[in-house]
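This report concerns only the one structure given below.
The values are calculated or read from the model by the stated rules, or taken from the named source; none is laboratory data. Since the structure is predicted, the reported quantities are computational estimates derived from the model, not experimental observations. No Cβ is skipped: glycine too gets one built from the backbone with ideal geometry, and neighbour counts run over all protein chains shown.
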Amino acid sequence: MNAMPNGAILSAAGIHKRFGALVVLDDIDFAMGADEAVGIVGPNGAGKTTLLSVLSGAYPPSAGTIAFKGGDVTALPATQRCRLGLVRTHQVPKPFGGMTAFENVFVAASHGAGLSRDEAYEEALGSLKLCGMLGVANRRAETLGLLDRKRLELARALAAKPTLLLLDEIGGGLTDGEAGELVETIRELRRRKIGIVWIEHIVHVLLQVAERLICMDAGKIIADGEPQAVMADPQVISAYLGGGPK
Amino acid sequence: MSAASPTIERGTAASRIAGVGVLAIILLLAVSPQFLSAGAVDRMTTLFIYVILAAMWNALAGFGGLVSVGQQVFFGLGAYFAIRLANAGLNPFVSLFVSAVIVGAVSWPISLFMLRLKNGEFAIGMWVIAALTHLLVNLDRLIQGETGTSLISLNVYDASTRRLTIYWLALASMTALLAILFGLLRGSTGAAIRAIRDNEDAAASVGVRVTGTKRLLFVLAAFGIGVAGALWLATSITFQPKTYFNVQWTAYMIFMVLVGGIGTFEGAILGALLFFLIETWFGGTGVWYLIGLGATALVFSLLLPRGLWGTLEERFGWRLLSVGYRVKLPPGPSNPTGEIASPLQTTNSREKA
């Protein structure tokens, strides 16, 4: 486990999350700097999305504290965390179905980033453009296919002007060409100094962006560090391939 | 950004004409008592009240996703507080509006616990609130249980003064409430309201204040329906709790909004007009009128689920009182008209990205 860096923008200590008797997160400690790009991998059910939900404020942890930009945000709802610059996307896209793609993104620019009308227009158009969605800007989100819905998730989160972006499997189901575009988009965000936490199953895509890799299994962080080293970790290999009967 | 950037369009040429048209209609309505019979003036007052009811329920359910079957609580309270205020010596016409303000104030604490409920729970919970409030109002000695009472102090005005004053008050209330609603829904709060309707979690995740925004809409709708209830009292003079706290009022609101087109500003107004016409033509046929209403609702929900205006809007792209946003791309070689949305172009723009 890495020592907690002093300049951490986001840190979580002793995070537990239980749903009834089910323990989904079991004593997670995690910290990252503002300029980091952290990948999270792990088998299904490891607790990755739950961790993202707890970090973003979708629901509170059962125990533990979360600090963002130097302040304790454990009790803050998602709305407030978003306004502070901690923004997530959803694994299963949650578009505003009855609104156009532009309107989806405009809501984030106007409320999440707190921009005036004209600034919000510009920010929303910029985000749509970056995600290659200007062409469908006037389509109602419920008429978009899965690929565009995932792009819309990213564009909408971006329009809220995050300092730290939590991405949940935005690359699932992409062709190689599409994945290449996505990597380019994420690299552009890195150039804009946006910190990234990215959960992804397609490891070779993730590793084109992530400088640090975390592997989770059964609610715990089992490896954390330089990506190649994490991928070679025997515990990680056993989590993915099964360690045989115990 | 350069001059060739996309621009945002709020209205079309048609919507600007529609705006002028709406103004003209309101001016025409303001002078029309000169030409209308006393009965027609009363009927028009009823229409204005229906428009208020439909617009408020549509804002709440169609834009905010807050489907309530208990909005009659605010209709009844609007009338009840007006009776109480007039009884305390306040001018009856002033009472109507002070009453609506009180209804808005009362709706705020109600929202504190009702807005925690979701979907069906909220819908039915509001009905429970309405039934409870009905019972509480019955306990008031002044109301004498279901016997009811009257807005006696209106009788100091002669019939025609009363009729005209109520007509203009109803017209002014309708105009003001529609203007407030349109302004709210067209602004960035309106975008937040629609976002909450479509996905509350996602709205929170992009910085929308979910509860506060819902509360604002809930209180505004309560106030508007309170105005409608108070105006109804002024037209009918008598107050019997079971008439005002009757769920039929919400049923009418739902009918108007579903037939007109839920979630469109124009739809609610059109629906109120349709309901008014059906009532005017067939209201005398007793039970057949109700069967007809039910059948109409059934046909619409099966064949035109988006309502009349929603269907027209989709088929012909009509947007008259639109609260939405349209992106207009700058004209270019691949895009001579500045219009977008062909799937083919989408693919192209993706490849370029």
**Study point:** Flag if B:Ile180 is among the β-branched types (Val, Ile, Thr), touching a residue at least 12 places away in the same chain (Cβ under 8 Å) and surrounded by 24 or more Cβ atoms within 10 Å (Cβ to Cβ)
**Key:** no
Point to revise | Candidates B:Gly11, B:Gly70, B:Gly76, B:Gly65 - the one that is at positive phi and surrounded by 14 or more Cβ atoms within 10 Å (Cβ to Cβ) | key: B:Gly65
Practice item. Within region A:114-147, track down each residue that is part of a loop (DSSP other than H, G, I, E, B) and facing chain B (nearest Cβ under 7 Å). Key: A:Gly132, A:Ala137, A:Asn138, A:Arg139
Review point. Of A:Thr100, A:Thr74, which residue is assigned by TED's automatic domain parsing to the domain that holds A:Leu154 and more than 24 Å from A:Arg192 (Cβ to Cβ)?
Key: A:Thr100
Study note, to complete from the structure: Within region B:258-286, of all residues that are β-branched (Val, Ile, Thr) and part of a loop (DSSP other than H, G, I, E, B), the one nearest to B:Gly317 (Cα to Cα) is B:Thr264
Check your understanding: Looking at (1) in contact with a strand residue (DSSP E or B) (Cβ under 8 Å, 6 or more places away or on another chain); (2) closer than 25 Å to B:Ala221 by Cα, can you tell me which one B:Pro6 breaks?
Key -> (2)
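Residues checked against (1) assigned to a loop (DSSP other than H, G, I, E, B); (2) surrounded by 18 or more Cβ atoms within 10 Å (Cβ to Cβ); (3) of a type outside the set (Gly, Ala, Ser); (4) not assigned by TED's automatic domain parsing to the domain that holds A:Lys220:
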position	(1), (2), (3), (4)
A:Ile9	no, yes, yes, no
A:Ala12	no, yes, no, no
A:Lys17	no, yes, yes, no
A:Asp27	no, no, yes, no
A:Asn44	yes, no, yes, no
A:Pro60	yes, no, yes, no
A:Ala67	no, no, no, no
A:Thr79	no, yes, yes, no
Practice item. For region B:173-196, name all the residues that are closer than 20 Å to B:Trp108 by Cα and within 8 Å of chain A (Cβ to nearest Cβ). Key: B:Ala192
Practice item. Identify the residue in region A:55-81 that is aliphatic (A, V, I, L, M) and within 13 Å of chain B (Cβ to nearest Cβ) and, among all such residues, is nearest to A:Val205 (Cα to Cα). Key: A:Leu55
Exercise for review: Identify all residues within region B:193-252 that are touching a strand residue (DSSP E or B) at 6+ places or on another chain (Cβ under 8 Å), part of a helix (DSSP H, G or I) and in contact (Cβ under 8 Å) with a residue 24 or more places away in the chain; write none if there are none.
Suggested key: B:Leu233
**Study point:** Flag if B:Val101 is in a helix (DSSP H, G or I), surrounded by fewer than 19 Cβ atoms within 10 Å (Cβ to Cβ) and among the aliphatic types (A, V, I, L, M)
**Key:** yes
Practice item. Please state which one of A:Arg117, A:Arg156 is surrounded by fewer than 20 Cβ atoms within 10 Å (Cβ to Cβ) and either modelled with pLDDT of 95 or more or not aromatic (Phe, Trp, Tyr) (or both). Key: A:Arg117
